[in-house]
1. Evaluate region 66-83: report whether one residue or more is surrounded by 12 or more Cβ atoms within 10 Å (Cβ to Cβ), assigned to a helix (DSSP H, G or I), without any contact (Cβ under 8 Å) to a residue 24 or more places away in the chain and out of contact with any His (no Cβ under 6 Å at 6 or more places or on another chain).
2. Quick check, is VAL62 touching a Leu at 6+ places or on another chain (Cβ under 8 Å) and not polar (S, T, N, Q)?
3. Just for region 1-30: of the residues that are at pLDDT 55 or above, part of a loop (DSSP other than H, G, I, E, B) and not β-branched (Val, Ile, Thr), which one is farthest from ILE47 (Cα to Cα)?
Amino acid sequence: MIIDCHTHIWQSPDQLGQLELGETPRTQRAGNRPRMNPSGRTVWRPIPSGDPDYHWSQSGAVDKSIVLGFKSRYLHAEIPNRYVADYVARYPAKLIGFAGID
């Protein structure tokens, strides 16, 4: 059995919070996140789709998938546990919900 033990869904990239790994303030909000390239300069990369339909389409290669909620007061981030629970309830034989608690 193959289990993907770390997956996420979200309604908006804004739910991922204000900071990148607690280090760099996010200055753009259009679905991009900062990342350092080898030269040390910050570059922006697109955030992949996090909607439930995309998540489900990508889960075909595994037998089970754990879907994590996310909450961080420090990062001002929250993917609501209820949102994750409602999605997991659609496919209970394949998905396992995991609450996010700060």
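1. Initial filter on region 66-83 (surrounded by 12 or more Cβ atoms within 10 Å (Cβ to Cβ)): 66-72, 75-81, 83.
Now drop any that are not assigned to a helix (DSSP H, G or I), which leaves 81, 83.
From the residues that got through so far, the ones that are without any contact (Cβ under 8 Å) to a residue 24 or more places away in the chain too are 81.
Next, only the ones that are out of contact with any His (no Cβ under 6 Å at 6 or more places or on another chain) stay: 81.
So far as region 66-83 goes, yes, one or more of its residues are surrounded by 12 or more Cβ atoms within 10 Å (Cβ to Cβ), assigned to a helix (DSSP H, G or I), without any contact (Cβ under 8 Å) to a residue 24 or more places away in the chain and out of contact with any His (no Cβ under 6 Å at 6 or more places or on another chain).
2. Working: touching a Leu at 6+ places or on another chain (Cβ under 8 Å): no; not polar (S, T, N, Q): yes.
Against the criterion (touching a Leu at 6+ places or on another chain (Cβ under 8 Å) and not polar (S, T, N, Q)), VAL62 does not qualify.
3. Filtering region 1-30 for residues that are at pLDDT 55 or above, part of a loop (DSSP other than H, G, I, E, B) and not β-branched (Val, Ile, Thr), the one farthest from ILE47 (Cα to Cα) comes out as MET1.
The values are calculated or read from the model by the stated rules, or taken from the named source; none is laboratory data. What you see is a predicted model, and the numbers here were worked out from it, not measured in a lab. Backbone-built Cβ (ideal geometry, glycine too); neighbour counts: all protein chains shown.
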